[in-house]
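What follows is a short report on a single structure.
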Amino acid sequence: MASLLLSAAPMRRHVGLVAGALFLAALLLASWFLPLPYDPIRPDATATLQPPSAQHWFGTDSVGFDVFSRTIAAAGRDLPIAFGGALAAALIGVFLGLLATTKGRGSALLMRSLDAFQAFPLLVLAIAIVTLTGNRLEMVMFAIIIIEAPRFLRLVRAEGLAIREARFIEAAEVIGAKPLRVLLVHLLPNVSGVIAVQLSIATASSLMVVAALSFLGIGVSPPDPSWGAMIQAGARQMTGGQWWVALFPGLAIFLVVVCLNLVADALDVILERSSR
Amino acid sequence: MSTTNTEAGDAPSPASTELMAPAVGAPRRRRAFWGLVAKRLAFIPLALFAVITISFLLVSIMPGDPALAILGSTANEQEVATVRSQLGLDRPLAERYVTYVGGVLQGDFGRSFFTGQPIRDEIVKYLPASIELVVMAILLAALVGISIGTLAGYCRGRAPDKAVRVVIAGLEAIPGFLAGLLLIFAFFYLWRLVPSPTGRLGIVNIYPPTVTHFLLIDLILAGDWNGLRSTLHRSMLPVLTLALAAIPLFAKITRTTVGGAMGSKQIQYARACGLSEWRVVQYALLQARTPILTYTAMLFGAMVGGSAIIETIFSWQGLGQWGLKAIVALDIPAIQGFVIVTGFCTMLVYLVLDLVVAALDPRIQHG
Amino acid sequence: MSLHVRDIETRFRTTAGEVHAVNGVSFDVGDGELVGIVGESGSGKSVTINSILGLIRTSGTITSGTATFGGRDLIAMRSRDLRKIRGAEIGFIAQNPFGALNPVLRLSRQFENVVRAHRRLDRKEIRRQALAMLGHVGIHQPERVLDGYAHELSGGMAQRVVIALALMLDPTLVVADEPTTALDVTVQKQILDLISTLVRERERSMLIITHDLGVVANYCDRVVVMYCGRVMEDGPVREVFRRPYHPYALALLRSVPRAGQALQTLGGRLPKLNAQPVGCLFRDRCPYRMDVCDRVTPPLREVSPGRKVSCHLDVEQEVPTLVAG
């Protein structure tokens, strides 16, 4: 009885991981390879603000864009930016975080300045930076790094400090391992689990940032589809009752974020369990 | 920044034999607290300085040329040079920095490129509306988030906890602006429960004489109860929208800390003394108080960013909407003023909550 | 008032499966009696007490047993009714006063909260009684203590406050869970003297949980020896200490340092309690192990008036005496 319960719990977690990952992969592959019913960047001026129907599954917007085609196509833009930004933030944050596990004035100073920096409304800062540097896409990534990298840094530092207390690190230092070697060979593999979990969470929150920026028209070049920009296009229609223009891209964001958090939860449980 | 030095409720304290005179701690504690206040107040100029510097660097050492960004890539060199000199970008960095900091310290944030108005006047005009929005939203989010978080933490692992976790996960996955639009669709279009999401006061209402710049307070001072009702009615959706984004954060931190407290020796002892479950929950919340307050400060920065977008959706006429407009229009003095004010406000909130935490916890050692 | 505990079983669900923490514990605390429960850590002493007082957390369940206190079964009772007994009729003294007392409430508030959970009294009256009680437990400046916080006290004083809180409503039974473990050795005796004196002069009953045989020897009338969630031996302190019957009790007493004698330690470790245990749980560490010990759980039987042992041996004949060993 007890053993049955035990084996059932992680199975359920695997379901979350597999379902979440499959949905994300399917969405991404569809946006790249699936023949879409309509051209996502060429509107049909004769069919504006059509409600969802057999012709237009998600309806059309005020210009005549097919909402379904654009919702799928936007995944191919928004997801790579969000993931790329999160990955870059991870690389920088993990590197600085590992360095911050070493004792000394430098690490204390780093944490103090991080406190001050994170006290800032970072989304506002990100918006200002992207706009001032000419509204370029790569600056959206930079904005994501500013927001997400400190979180990786804190996480890796906290985990790293806990692991440093462990015997084997002490042993490695006693037998004369170089500090860099200790960081890369002994610390990094032991924090890789939490990094993977955080990467999933960070991708979700980067997607929200990307959506917020493109909702404000920042970092997008029309008519390229982006979920945030599509919601902006549907914002005016909401008071008139044409809910579909904004709802479907919004639903896409919702589902992707839920899936990413599902993956993060599952990874968390699986890695935690295997390490004990 | 944080000076909280509390012991976890469970940690076994070293018990010592010496009979310390007990209550001499009280006046000494009070003196130490005011010492901490003084120390924190001394920190304000430093924070202000840091904020001004960040806002200056934002325009000055960012990759890319603001002048080019303003004019677009079609501009010729002559035009770019003109704008650069207007912005003062042709002068050396150090000189510009000194001029800028000197100006800001005298309350001179420059004039808007587009309206020609002094930035300071615009800030005074728009900031109060944003404060009203954020404060109302934080209060609502704290009320709801702490309530459901307490419920979940108290019933950890059982049905109410699972339900709250689903709600949290759902709310976390909805971008604030989308939630705002969905609420507008439901409450305005479908059910006609709220007036149209434009502005803070109905067309028939007259704005009260400006006294404090806080619309709600000015309406009360003017005794305009109809106007007050109208404003509150119109505040419902924006406040709810902004609160929805913060509810999961309050709920999560409360769930974790209350859940942890429920398993603590302190709560077990409270139960062993026969205290009612209400009292037990109150004790658990007392334990959770410090983390929740610390977290609220961190949340504030996120709320300011989020409110900028929500204000735009609802035409709230606050600092966030004004700042976003400035950013999109590349109104550089306005952007700098916006960054300074929002950054400084967030730091002030950190400071105040730090002091509140210190004042509430008798165990914290000040200094 | 007397407490009669019969066949308590408590289990916990953990990530590593079910743990059978308490496996059929029975004992009695008579009127005016001071009973000590001894055992190693993990022997189920605290879980037994928490089961009786209804303080088991959600991961644990009491699967069987009764605990009759003044004619009422505490286990079957509704939690609302049990709450009214806790603190009022059964006083509780916690192990670590700093872990137990609320760090952010003034002690006066904590006295008010405890009293008001059971009686309708006004603040002034509660304060008057609290001051008197603090005086009884040997606190010299009760006013100042009452208006201060727990962390301003020394360990000994904080524990005196906990004792005052436990006795505030004049309970008929006092339960003390390792009341001096967290304190300095020099204070331990003062605190134990205080508790036992207060309980004895009020003619109340008391249950002390401890891993310290010295505490039992000096302060208790009867001792209950627990191992792996079962009672191994139960009897008057003088008799059990002079002539333990159960091989475990014998080993436990031999592990106490005595002048002029070599210290004996107990080999082996505690068995895992993942499934419903069968047979004697001490058998792996028992020098007198027999075939029957693997198959049959020894019942707690009365071997002489007032003395109970759960062992298959004919203990009076087959277990050596303490001195000879």
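Summary table below
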item	result
Integer Hz, Karplus 6.51/-1.76/1.60 couplings in order for the range B:232-248, x for Gly and Pro	5, 4, 6, 7, 3, 5, x, 5, 4, 4, 5, 5, 4, 6, 8, 4, x
Equivalent ellipsoid dimensions for the range B:166-234 as semi-axes, Å, which come from the Cα gyration tensor, largest first	30, 15, 9
Exposed-loop-free span, longest in chain B, where trypsin sites (Lys or Arg not before Pro) count as exposed if DSSP calls them loop and at most 13 other C-beta atoms lie within 10 Å	B:193-367
On Cα atoms only, tilt of A:67-100 relative to the major axis of chain A in degrees	20 degrees
Coordinate range along principal axes, alpha carbons of chain B, Å, largest first	81, 57, 43
Those Cys residues of the protein assembly as shown for which no other cysteine Cβ falls under 4.7 Å	A:Cys259, B:Cys155, B:Cys273, B:Cys345, C:Cys220, C:Cys228, C:Cys286, C:Cys311
Tail weight of P(r) past 24 Å, computed on alpha-carbon pairs of the range A:1-156, percent	60 percent
Filtered chymotrypsin sites (Phe, Trp or Tyr not before Pro), the range B:129-236: DSSP coil and at most 11 other beta carbons within 10 Å	B:Trp191
For the range B:120-330, Kirkwood radius (reciprocal of mean inverse C-alpha pair distance, Å)	18.8 Å
Point-charge dipole on Cβ atoms (K/R +1, D/E -1) for the range B:120-330, about Cα centre, debye to 20	760 debye
Under 15 Å from B:Lys162, Cα to Cα: aspartates and glutamates that are on another chain or at least 8 residues apart	A:Asp265
Of the trypsin sites (Lys or Arg not before Pro) in the range C:174-219, those whose Cβ has at most 15 other Cβ within 10 Å and which sit in DSSP loop	C:Arg202
Loop-located trypsin sites (Lys or Arg not before Pro) in the range C:67-103, at most 10 other Cβ atoms within 10 Å (DSSP)	C:Arg78
Among beta bridges that DSSP assigns inside the protein assembly as shown, antiparallel share in %, nearest 5	65 percent
Selection from B:Ala302, B:Leu285, B:Thr198, by position along the positive dipole direction of the range B:120-330 (Cβ)	B:Leu285
The range A:74-117: equivalent-ellipsoid semi-axes (sqrt of 5 x gyration tensor eigenvalues, Cα, Å)	30, 11, 4
Heavy-atom SASA rank of A:Asp268, C:Asp234 (probe 1.4 Å, accessible area, largest first)	A:Asp268, C:Asp234
Angle between chain A longest axis and helix A:188-215 axis [Cα atoms, degrees, rounded to 10]	30 degrees
Under the Debye formula (equal points on every Cα, no solvent term), log10 I(q)/I(0) of the range B:245-367 at q = 0.09, 0.14, 0.15 Å⁻¹	-0.40, -0.75, -0.81
Residue among A:Ala90, C:Gln95, B:Ile217 farthest towards the positive dipole end of the protein assembly as shown, charges placed on Cβ	C:Gln95
Paired Rg and Dmax values of the range A:127-201, which use every Cα atom, in angstrom	17.1, 53
Centre separation in Å (Cα based) which lies between the range B:301-320 and the range C:177-242	65 Å
Residue pairs, from the table C:Lys124/C:Lys189; C:Lys189/C:Lys308; B:Lys252/B:Lys325; B:Lys265/C:Lys124; C:Lys45/C:Lys84; A:Lys178/B:Lys39, whose Cα atoms sit over 31 Å apart	C:Lys124/C:Lys189; B:Lys252/B:Lys325; A:Lys178/B:Lys39
Surface/4 estimate of mean projected area, convex hull on alpha-carbon atoms of chain A, nm²	19.3 nm²
Estimated Rh, chain C: Kirkwood, alpha-carbon pairs, angstrom	20.8 Å
Distance from the range B:257-286 to the range C:105-135 (C-alpha centre basis), Å	19 Å
Stokes-Einstein translational diffusion, the range A:129-276 - Kirkwood Rh over all Cα pairs, 1.306 mPa s, 10 °C, in µm²/s	88 µm²/s
Stokes-Einstein D (µm²/s) once Rh is taken as the Kirkwood radius of the protein assembly as shown over alpha-carbon pairs, at 10 °C in 1.306 mPa s	48 µm²/s
Selection from A:Gly176, C:Leu250, B:Val356, by position along the positive dipole direction of the protein assembly as shown (Cβ)	C:Leu250
Virtual spin-label span in nm between C:Leu121 and C:Val292, 7 Å along Cα→Cβ	5.5 nm
About the Cα centre, charge dipole magnitude for chain A (Lys/Arg +1, Asp/Glu -1 at Cβ), debye	820 debye
Cα-based radius of gyration of the range C:83-175 once divided by 2.2 N^0.38 Å, which approximates compact folds	0.97
Cβ charges +1 (Lys, Arg) and -1 (Asp, Glu), total dipole of the protein assembly as shown, debye	1540 debye
Charge tally in the Cβ shell below 14 Å around B:Cys155, where Lys, Arg are +1 and Asp, Glu are -1, B:Cys155 excluded	+4
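The values are calculated or read from the model by the stated rules, or taken from the named source; none is laboratory data. Predicted model, so just to flag it, every value in this text is computed and none were measured. Note that we place each Cβ from the backbone using ideal geometry, even for glycine, and neighbour counts take in every protein chain shown. Areas reflect the complete protein model, heavy atoms only, side chains present, ligands, DNA and RNA absent. Shrake-Rupley method; radii C 1.70, N 1.55, O 1.52, S 1.80 Å.
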